Structure formats: C-alpha cells, structure tokens
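A quick write-up on the structure given underneath.
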Amino acid sequence: MARRTLLPQAVTLTVSCRTSRELGAPARRHPVTLNPDGTVETPHDLDQERILAALGGYLSCLELVDTVAPAFFDWYRAQVREVPRPIRAKQPAGPWRAAKRAACCPARGFDEPQEAAEHARSPRHIASLAGIPARVLGQLVQDVTVPPPAEAGDQPWATLWECGMHPDRVELVDQTIGALSPMPVSFYLGVMSTNPRLTWLADTIWNVDADMDTAIWLAWTYCAADRKDPAARTGWLATGVLRRLILPLMASVYTVADVEAFANHWNMSLSGAAVELHTWVEAGVCPPVSELTGPRTSHLGFPPRAPGFVARYRLRNELRQTPVSLTDADLAMALVEHGDVLRAARALAR
Ligand SMILES: [Zn+2]
C-alpha cells in the first residue's frame, strides 16, 4: 500500500530521551528522524521497547513516536498550508474560528481570519488537539522553518497564505470558475468557509452572469438547498427576488414555482410575492401555496398575511376542549378564512 507523503524530505531532530517519567531523570540526547512517509527512526529497537513498556518500563521515545510525531506531522501540514480548510466563519465579518476546535480556542473566536489561522497552525492548538503538552510540540518545532512559496509574495496570495490557503488551491478555484484575474480575498475565504462544490459555484456564476458582489455572496452562502438542487440558486436569482429573501425562502418549503403561482394568482410581481411568502416563513408557519391561493382566500382582495403567534395561540386555547388535532398551518388558514379568533374557533369546533 502506498503511503501518503507527509513531509517533502526527512526531518532530523535532536531529542532528549529519558527512561523514567520522574522529573529530573537523566536524559540522553540523540537524533530522531521523521521520514516523509510518516515513519520515525530512532536509535532504539522499538518493538523490543514496546514489550518492555508493557512490562512497566518507560521510554520517552515511545511516546514521541506514538503521539508526538503524529502531532508534528499535523503541525507541518498546517505550516505548508496542506490543511484544506483550517478556519471558518459564518459571515465575512467573522468571528473566525479554527475548523477543529480545542480547549485552547477563545470562545468568542477571532476578529481577523489571519489571527484565527495563526492560532489554528500554532503548536499550542495542534498539541491541544493531539492531547499532548504544548511545550513538547513547541520544543520539537522550534528549529523547523517553513518558508512560504514564491507565489505567495503578491496579493491576494500573500493574505490568503496568512489565512491558511495555499496558492495552488487559489489557482484551482480560479481555474474552475474561469476567473481570468484573481478574485478578492473575501471570495476565497467564503469558499474556505462554506466549501461549495466548485462546479456549482462556476455554473451559477456563469448562469446568472454574476457581478463580483454576487460572486462573493454565492461563495459565502452555499447551503443545504444548493447541495440538494444545484440549479435552485440560478432559478431564484433569475426571479429578481431580493438576495436577502432568497436564502430564507430556499431554506423553507417554498420553491420558485410557488413564488410564481402566488404572484400569478394575486396579480403581483415575483419580488412582491417573495416578500409575502417570506412573512409566512418569518411567522414560522408555511401553508402550501395552493392553500394561500385557494377558495378559502377568495373573499380577500389582497394576499393573505400570516396570523401572528398570539392569534394562533389564542385560537388553540379556544379549541382546547375540541378533540381535533390541528397544525399551526391549519390554525393560520382558519384565521385567514374566518377573520378573527372567535369566528375561526366556532368554525373549527363545528
Ligand atoms: Zn485552539
């Protein structure tokens, strides 16, 4: 089986090796070599030492091989920006957090992506994830330097390198979306945060002829509904509905076809229909559009508005003696149809 390459070349470190856990126990300094394939060479016969350890013996190099070396490889991968998504945020303004959280991470996150990325690749954080003392990893890495590649000298690559993104990854994104010149940093950070399918991003940008602002918004807002139906976003953007309404509507039961049916029935624009349906989503009750345009609304001269929580609560309370189970949508539609709580209660109790 081919092993993964973890280091570009072998790294030899000098460690102090002890045969006792006790503080101040005599130590012998010797080299340890970490190989590109993740194996570790020490002057010990480690198989023999494992048997001795099972019998109660101790060798610090065994711990080194089993727990410290894997943490060193993780640290190295982070330094060379081989960790694909080291940090994330929910919106461009942050806060930013390490993708893998540990006890060392500040609860409120970091204001800047650079700060979060620096923390995510620090010996302290990586040691914390590995469950080893930060000091141990810190000593191991103190003499290892990892210079940035030459491509990371200019913008936006320099900032993205600080944020933990390798120029090769930037290049891959650019190639996939067909960008002729680099996008703004915020675009790539969105890609890092939401991890969209790059082909989805490329197709959607192309389909809607996205301007830069829209492209950045797409990178930051890839969501479950896009995963389920990669064409949905293109459809929503084509309606001209306000962007801030698109995401909550996509996360709801309503589709573009619903907005169109609602707009047709109530003789209004798609944007207007989206605003109306969004008020239902906000109210936490989403009857099917066939109901919102059906015979129970035929007496209305304007689109039905979602009854508030208080009215629904009062109606449910009025019906507490009635042995029928009604959903929130049932209650809301009864309020739409009958106008107020008492009349709706009377109709439902019949
Ligand atoms: Zn941390």
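The values are calculated or read from the model by the stated rules, or taken from the named source; none is laboratory data. What you see is a predicted model, and the numbers here were worked out from it, not measured in a lab. Cβ atoms come from the backbone with ideal geometry, glycine included; neighbour counts cover every protein chain shown.
State the number of residues belonging to the stretch 1-36 that are modelled with pLDDT of 85 or more and in a loop (DSSP other than H, G, I, E, B).
1
Being over 17 Å from residue 219 (Cβ atoms) and either surrounded by 15 or more Cβ atoms within 10 Å (Cβ to Cβ) or out of contact with any helix residue (DSSP H, G or I) (no Cβ under 8 Å at 6 or more places or on another chain) (or both): is that true of residue 152 here?
Taking the combined requirement at face value, the residue satisfies it.
Considering the stretch 86-135 alone, what residues qualify as being surrounded by fewer than 16 Cβ atoms within 10 Å (Cβ to Cβ) and away from the ligand (no atom under 12 Å from the Cβ)?
90, 91, 93, 108, 111, 112, 131, 133, 135
Any residue in the stretch 131-151 that is over 28 Å from residue 101 (Cβ atoms) sitting within a Cβ distance under 6 Å of a residue that is at pLDDT 90 or above? List the pairs, counting only those 6 or more apart or interchain.
Close Cβ pairs satisfying both conditions: 151/157; 151/167.
Got a number for residues in the stretch 276-288 being out of contact with any Ser or Thr (no Cβ under 9 Å at 6 or more places or on another chain), of a type outside the set (Asp, Glu) and in a helix (DSSP H, G or I)?
2
Is there any pair linking a residue in the stretch 40-54 that is under 18 Å from residue 70 (Cα atoms) to one that is at pLDDT 85 or above and assigned to a loop (DSSP other than H, G, I, E, B), with Cβ under 8 Å and at least six apart or on different chains, and which?
The qualifying pairs are 41/35.
Yes/no per residue for (1) part of a helix (DSSP H, G or I); (2) surrounded by 12 or more Cβ atoms within 10 Å (Cβ to Cβ):
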residue	(1), (2)
296	yes, yes
302	no, no
305	no, yes
316	yes, yes
343	yes, yes
